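Okay, structure first, notes after.
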Amino acid sequence: MKIVFLGTSAAVPTRERNTVSIYIMTTNGAYLFDAGEGLQKQLQIAGLNPIKIKAVFISHMHFDHVLGLPGLLMTMALMNRKEKLTVVGTRKLFQFLKMFNKEFYMDLTFEVEFIEAHQGSVYKNKEIEVLAFPTVHSTESYAYRLFEHKLKRKFHPEKALELGIPRGPLWNKLQLGESIIINGKTIKPEMVSDPPPAPLSVSISGDTAYFEQLIEFFKGSDIIIHESTFSRELANKASEMLHSTSEQAAIVALRSGAKLLALYHFSERYKDVSYLEEEARKIFPNTVAAKDFMCIKIEDNDINVFNNINECE
Ligand SMILES: [Zn+2]
Ligand SMILES: [Zn+2]
């Protein structure tokens, strides 16, 4: 799995940072979380293909999270997309897209399946499931948690060979959890393999004030991507505006037992966010401050952070 940050600024873009959007690449296609203005240009710079996006999850209806979506849909239509696109968000998002479709003649070449965000499972296919949880913000807003289920069991070739099962398609069936019959004998997957590894999970806060229940929702995540609009000195402003500080993001990561915390959604007042990163690291050492085009690669149990997507092969 690869996570690419396409925007990391709160409210307004800066020279270095676009408004927020996160692109997650899995073996089962790509998933986009929020769609800030300028998203298409960011996809181009990152060399990412919008057609690969299977579903878009919008946290809430503030401009910095959604203005990139209509243009993205239009481009997908110009690319003659045929595959259905799932869009998850609040009812206001649905009205917003309906208005665009009617007033701007979007003339889409593909079906948009709209799912209204609610607490619980909002998207599911064989490998990917996304859960939503309402956060505390100035408008209806959701955090999301993506699970990537591993379908393949851990296979022991020596056991298979011992039982006289030749290398080839039968191994694949057993790895995928199917029983096979060879020489009149039934071989069950557990005879030659162990259960698949635990699913990977990535949690994304969207915009939120600090609140306890989010920790429960994020519990056991491999990676938490948490908003960090303000530093600790502005904790009062953060709670007034229903945003979080870097320190609060670190408390969430620590108490959820995450392996890595990536901070994003920084107020434009911070030209250098290393101070926010340091503040969070005092509580949760394995913290990185995300920047545009940063890429997090997760392979087996290894998590590596690359400053630029080009290094993330
Ligand atoms: Zn925001
Ligand atoms: Zn907001």
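The values are calculated or read from the model by the stated rules, or taken from the named source; none is laboratory data. These numbers come from a predicted model, not from an experiment. Counting neighbours? That spans all protein chains shown, and the Cβs are built from the backbone with ideal geometry, glycine included. These area figures cover heavy atoms from the full protein model, side chains too; ligands, DNA and RNA do not enter into them. Shrake-Rupley method; radii C 1.70, N 1.55, O 1.52, S 1.80 Å.
Quick check for you: with a 1.4 Å probe and neighbouring chains kept, what is the accessible area per residue of the stretch 100-248, in Å²? Could you put the intermediate results ahead of the total?
Numbers: 7600 Å² over 149 residues.
Here the per-residue accessible area is 51 Å².
If you build a Gaussian network model of the chain, linking Cα atoms that sit under 10 Å apart, which residue out of MET191, MET61, MET79 swings the most? Result: MET191 has the largest fluctuation of those listed. Give me the percent of the accessible area of the chain that comes from carbon and sulfur atoms, probe 1.4 Å, all protein chains in place. The C+S portion of the solvent-accessible surface of the chain is 52 percent.
Do any GluC sites (Glu not before Pro) in the stretch 136-201 lie in a loop, going by DSSP, with at most 15 other beta-carbon atoms within 10 Å of their beta carbon, and if so which? Qualifying residues, ordered by number: GLU178. Length gained on full extension, GLU111 to GLU212: 32.6 nm, using 0.36 nm per residue less the C-alpha separation. Taking a ≥ b ≥ c as the square roots of the eigenvalues of the Cα gyration tensor of the stretch 216-313, is the shape rounded (a/c under 1.5), prolate (a/b larger than b/c) or oblate? The shape class here is oblate.
Can you give the helix-only mean residue ellipticity at 222 nm for the chain, where every DSSP H stretch with n ≥ 4 adds -39500 (n - 2.57) and the sum goes over all residues, rounded to the nearest 500 deg cm²/dmol? If you can, show how the numbers build up before the last one.
Details: 11 runs with 84 residues, N = 313.
About -7000 deg cm²/dmol.
Give the aspartates and glutamates whose C-alpha is closer than 18 Å to that of LYS173, dropping any in the same chain fewer than 8 places away, or say none. Leaving aside aspartates and glutamates fewer than 8 places away in the same chain, those within reach of LYS173 are GLU127, GLU158, GLU162, GLU190, ASP194.
Among residues other than LEU234 with Cβ under 14 Å from its Cβ, the summed charge is -3 (Lys and Arg +1, Asp and Glu -1).
Computed with every protein chain present, the accessible area of ARG232 is close to 130 Å² [probe 1.4 Å]. Note: relative contact order over the stretch 154-193, using C-alpha pairs below 8 Å and six or more positions apart, is 42 percent.
The distance from the alpha carbon centre of the stretch 160-227 to that of the stretch 112-140 is 22 Å, rounded to a whole number.
With contacts taken as Cα pairs under 8 Å at a separation of at least 6 residues, the chain carries a relative contact order of 16 percent.
Result for the chain in a Gaussian network model with C-alpha springs under 10 Å: among ALA77, ALA143, ALA209, the largest mean-square fluctuation is at ALA77. Label sites at PHE100 and GLU83, each approximated as a point 7 angstrom past Cα along Cα to Cβ, lie 2.0 nm apart.
In this label model, LEU161 and LYS259 are separated by 3.0 nm, measuring between points 7 Å along each Cα→Cβ vector.
In debye to the nearest 20, how big a dipole does the chain give about its Cα centre with +1 on each Lys and Arg Cβ and -1 on each Asp and Glu Cβ?
So the magnitude is around 800 debye.
Note on surface exposure: TYR105, TYR264, TYR210 rank TYR105, TYR210, TYR264 by accessible area, highest first, 1.4 Å probe. Using a probe of 1.4 Å, the accessible surface attributed to THR186 totals some 80 Å² when neighbouring protein chains are kept in position.
Between LYS185 and GLU233, 0.36 nm times their residue separation minus their Cα-Cα distance comes to what? Don't jump to the answer; show the numbers that get you there.
Working: separation 48, 0.36 × 48 = 17.28 nm, distance 6.92 nm.
Here the answer is 10.4 nm.
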